[in-house]
Amino acid sequence: PIISTPSVQSNGKKLGVSASVYQHKIKALKWISYVLAAAVLLYSVKDIMFGVRMNREETEAVQDLEGEVVPSIKQQKIANYVKGTAIIRNIHITHHAGTSLCGQMGKVPNEHTPGFACMGKGRDNDTYWPEEALKASPFDKKRGVVAGGVLYNETKEWATFWRQYYHFVSGEYGSWDKTLHETNWEYENLVSMIVMRNPLERFLAGGKCGGFQTKIPGDPSNETQDLYWEYANSGCADNYALRVLTRESCVQGANTTSECLQGAKDLLNRITFILDQSCLNESVEAFGSALHLNFTKDGFESRLHHWHANLSVRDRFGNDTLYEYVQTRFRRDIELYEWSKNRSIVVCND
């Protein structure tokens, strides 16, 4: 800091004392900053030692301008779910653990989920599919699914109607759907959630888009390299999750813009809970704890491909050129995933 000196110093001694006090204050502030930095470092080390850590999100009660303690929006949503007025809606990107999550939510005592993958009517024994009520419902009469597109001004009516029957519903998305940005995700009786997945793992997963599943059911091999190159260049595989979540249809391979990426980030910032599939068991346990559900990671077994546990994604590709090409083409999708990891309810270690 620069201490300006008056042109006329009538009291040089007094000026010297003031400068000395100022310097001591600066030293004190520096020591305080060192102590705080050390505390943050120790806290981070503790998290790393325990493998995964809970994300410290803004869920604490806050004070309004008059000093009154008020709950955050997220706290209010959780409280409403616990008392039975809020419904959970999962944005299920295809092959992002939607089936496993639905199975777990279907075990919650005294609550129900739609019979078919938590999305729609199951078989004839699906007792809780509201046939009569559906006739009066303005939502998805033709398709027979719960979580179709819901506009902003329909959100309250949608949540109120379906909460009579289900505590958790899911909508599956395999392509861009503009209505995701038009729903009132901030509505107090709507708890939203999404599972995010490493795009390179998703590329290798079963259920490949565009008819490729029947052509290449397994990981790349010498026999399927050509088909995998075709799949890597297909429109349906291009930045798969990012394409679902963007504000506009803007995905263009490696040339996808940062503005396109930002639209997806804006949507995820409005979602109540983000889960990372790379530590899904711990994430589901933490999710259940937040909503006062009695989940344990021992009681939840995700249907991931466990036989790949000892292989890196790069090893599974079996071709460095293909791996690096897909990594470049899907770079914005990968950026979105890496960004979302730090916002997940549990921050997984790589």
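The values are calculated or read from the model by the stated rules, or taken from the named source; none is laboratory data. Note that the coordinates shown come from a computational prediction; the quantities given were computed from them, not determined experimentally. So basically every Cβ, Gly included, is an ideal-geometry build from the backbone, and we count neighbours across all protein chains shown. Please note that ligands, DNA and RNA were not included when accessible areas were found on the heavy atoms of the full protein model with its side chains. Shrake-Rupley method; radii C 1.70, N 1.55, O 1.52, S 1.80 Å.
What residue, among those in segment 155-182 that are closer than 23 Å to R247 by Cα, of a type in the set (S, T, N, Q) and not in a helix (DSSP H, G or I), is most open to solvent (accessible area, probe 1.4 Å)? The residue in question is S175. Would you point out the residue of segment 66-118, among those that are assigned to a loop (DSSP other than H, G, I, E, B) and of a type in the set (A, V, I, L, M), that is most open to solvent (accessible area, probe 1.4 Å)? Ranking the qualifying residues of segment 66-118, first place goes to A117. Scanning segment 325-337 for residues that are open to solvent by 30 Å² or more (accessible area, probe 1.4 Å) and under 13 Å from Y228 (Cα atoms) yields a single hit, Y325. How many residues does segment 291-307 hold that are open to solvent by 30 Å² or more (accessible area, probe 1.4 Å) and at pLDDT 90 or above? Count: 1. Count of segment 338-347 residues, restricted to those that are open to solvent by 10 Å² or more (accessible area, probe 1.4 Å) and either basic (K, R) or touching a strand residue (DSSP E or B) at 6+ places or on another chain (Cβ under 9 Å) (or both), is 3.
In the set W229, W185, only one residue is open to solvent by less than 20 Å² (accessible area, probe 1.4 Å) and either part of a loop (DSSP other than H, G, I, E, B) or farther than 15 Å from H95 by Cα (or both); that residue is W185.
One residue stands out among those in segment 232-244 that are assigned to a loop (DSSP other than H, G, I, E, B) and in contact with an Asp or Glu (Cβ under 9 Å, 6 or more places away or on another chain): the one that is surrounded by the most Cβ atoms within 10 Å (Cβ to Cβ), which is N239.
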